[in-house]
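Working notes, structure below.
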Amino acid sequence: MKKIKLFIGMAAIAFIQNVNAQDNNDTNFATHVLDVNVPEVAMLDIHDANTGFEAGPIMFDMTDVSLIGTNAEAGLYAFQDMTYDNLYLNYTSVVGAAPTYDTTRQIDVRFESGSTFPGSLDLRITPEAPIVVANGGTANSAGTITAGGVALGVSTAIGTDALLVNSIESVYTGDQNNGVKLAYSLEQNGNFAGYQAGTYQATIRYTLSDL
């Protein structure tokens, strides 16, 4: 019995000595690990400065674009009057680090599958260089627009992507009247014989690529 008590007493002393030894390792500084997770981000929207809201349905009525009055001159469409501007493509991108990840993104645009669009016509989407809020990025990180814009319809078939902005890095353009300003216009592209009366409806889809 005495041997057991002696053993327990020696074990307790050894434990106390070990705790004291740990405390005795303290110095005038201490360290510990802090982890910060920065996720990749890819998001966008279209702001319509004409309405002050996110872009909704837009109507092009070709009965109002003859050169002199409504359909006054057969076949003379004043396409220069068929425009809709003051749209802004806002986007946020946070890219991964090289070499594990690609370090740039792009924005493509297309008519969604199932859309309809008149024959012999293109919708021209003309972008302007990105406007970025203070500390939201740089001219380079906001990306480079496609010069002259893109044309959907005859030039780029329904369901096919067209490159609008490339080389996007980490950037926050800001909301509302920031990002890439867009203008829509109609252009004849083909023979007048391709025109057929009717009401057409196309869905325009913008995609910021995910790495």
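The values are calculated or read from the model by the stated rules, or taken from the named source; none is laboratory data. Being a predicted model, the structure only gives us computed values, none of them experimental. As a convention, Cβ positions derive from the backbone with ideal geometry for all residues, glycine included, and neighbour counts pool all protein chains shown.
Under 9 Å between Cβ atoms, which residue pairs at least 6 apart in sequence (or on different chains) link something in region 191-208 that is under 14 Å from residue 117 (Cβ atoms) and without any contact (Cβ under 8 Å) to a residue 40 or more places away in the chain with a partner that is among the hydroxyl-bearing types (Ser, Thr, Tyr) and assigned to a loop (DSSP other than H, G, I, E, B)?
199/116
Across region 177-211, what is the total count of residues that are assigned to a loop (DSSP other than H, G, I, E, B), among the polar types (S, T, N, Q) and surrounded by 15 or more Cβ atoms within 10 Å (Cβ to Cβ)?
3
Of the residues that make up region 160-170, is at least one surrounded by 15 or more Cβ atoms within 10 Å (Cβ to Cβ), touching a Gly at 6+ places or on another chain (Cβ under 8 Å) and hydroxyl-bearing (Ser, Thr, Tyr)?
There is at least one residue in region 160-170 that is surrounded by 15 or more Cβ atoms within 10 Å (Cβ to Cβ), touching a Gly at 6+ places or on another chain (Cβ under 8 Å) and hydroxyl-bearing (Ser, Thr, Tyr).
Could you check, for region 112-133, whether at least one of its residues is of a type in the set (Phe, Trp, Tyr) and either crowded, with 19+ Cβ neighbours inside 10 Å or not in a loop (DSSP other than H, G, I, E, B) (or both)? Working first, answer last.
Of the residues in region 112-133, the ones of a type in the set (Phe, Trp, Tyr) are 117.
So of that shortlist, the ones also either crowded, with 19+ Cβ neighbours inside 10 Å or not in a loop (DSSP other than H, G, I, E, B) (or both) come out as none.
So far as region 112-133 goes, no, none of its residues is of a type in the set (Phe, Trp, Tyr) and either crowded, with 19+ Cβ neighbours inside 10 Å or not in a loop (DSSP other than H, G, I, E, B) (or both).
Between a residue in region 88-101 that is over 13 Å from residue 42 (Cβ atoms) and aliphatic (A, V, I, L, M) and any residue that is surrounded by 14 or more Cβ atoms within 10 Å (Cβ to Cβ) and at pLDDT below 95, which pairs come within a Cβ distance under 9 Å, given they are 6 or more apart or on different chains?
From residues that are over 13 Å from residue 42 (Cβ atoms) and aliphatic (A, V, I, L, M), the pairs are 97/103.
Within region 9-45, take every residue that is modelled with pLDDT of 95 or more and either touching a strand residue (DSSP E or B) at 6+ places or on another chain (Cβ under 6 Å) or in a helix (DSSP H, G or I) (or both) and give me the one that is surrounded by the most Cβ atoms within 10 Å (Cβ to Cβ).
44
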